[in-house]
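What follows is calculated from the coordinates using simple rules that are stated; it is not laboratory data. Quick caveat, the model's predicted, so the values are computed rather than measured. We place every Cβ from the backbone using ideal geometry, glycine too, and count neighbours over all the protein chains shown.
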Amino acid sequence: MEATISDPDPGQYFNEDITVSAEQDRKFFDIFMVVLGSLVAVAVGIYALAQVVQARTQEEYIKEDAMVQAQIAARIAPVGQVAVAGADNSHLAAPAATPQQPAPVQVAAAMSGEDVYNTACAACHGAGVAGAPKLGDAAAWADRVSKGMDTLAEHAINGFQGSAGYMPPKGGRADLSDDSVKAAVQYMVDNSK
Ligand code: HEC
């Protein structure tokens, strides 16, 4: 039977509707509680797992490794210290536990001049960024070559402030050996004639 506007007693259908929707509500609520319960269980599970993983890795790792401790101390150290005029500031001169920076490992010793150029120098010298003489630009290199290869190598290794711009030491790659940088200079000069 269908309720129409002209129906004398629309209330009867209305009552029926209410019963149905109360049942639906209960069903929904049950499912909702199950879902909520499982999400809580998952969250607790993840938390417990994190605790276990943390206990087995971080804590032991941090406690046993002096290097790690030093690095953490350095990371959380205050960026500055206050020296008070007239007070004894001698303790400030000796910063507590500054971790020794390990010397950069020269991993790139076995690369050819071209490889070194491509990985460390091309970023600037490929396109002539910030005044860097471009690879292949004979005019830009002629004056420089006349300084002598030793000078160019020295400038590439230790850095060089010229009139055109700033050449960072080893192009910013402290891990390159001096010989690799020399090889790259040779490669650049050879290909800029
Ligand atoms: C961040 C950019 C940058 C990178 C990376 C870079 N250079 Fe340079 N380089 C420059 C600039 C700028 C100059 C020009 C400086 C001037 O003469 O004013 C320069 C100049 C030079 C010169 C000439 C120095 C002189 O005395 O005239 C050499 C040789 C050189 N670079 C070698 C290298 C080598 C080798 C690498 C890679 C290991 C490298 N550069 C990576 C920016 C860079």
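FRET efficiency for the Gln54 to Ala174 pair, using the beta carbon distance and R₀ = 25 Å, is estimated at 0.15. Take the Cα of Gln69, step 7 Å toward its Cβ, do the same at Gln24, and the gap between the two points is 6.5 nm. Full extension of the chain between Leu39 and Asp115 gives 22.1 nm of extra length, using 0.36 nm per residue less the Cα-Cα distance. Within the same chain, lysines fewer than 8 places from Lys182 are excluded, and of the rest, those with a Cα less than 29 Å from its Cα are Lys134, Lys147, Lys170, Lys193.
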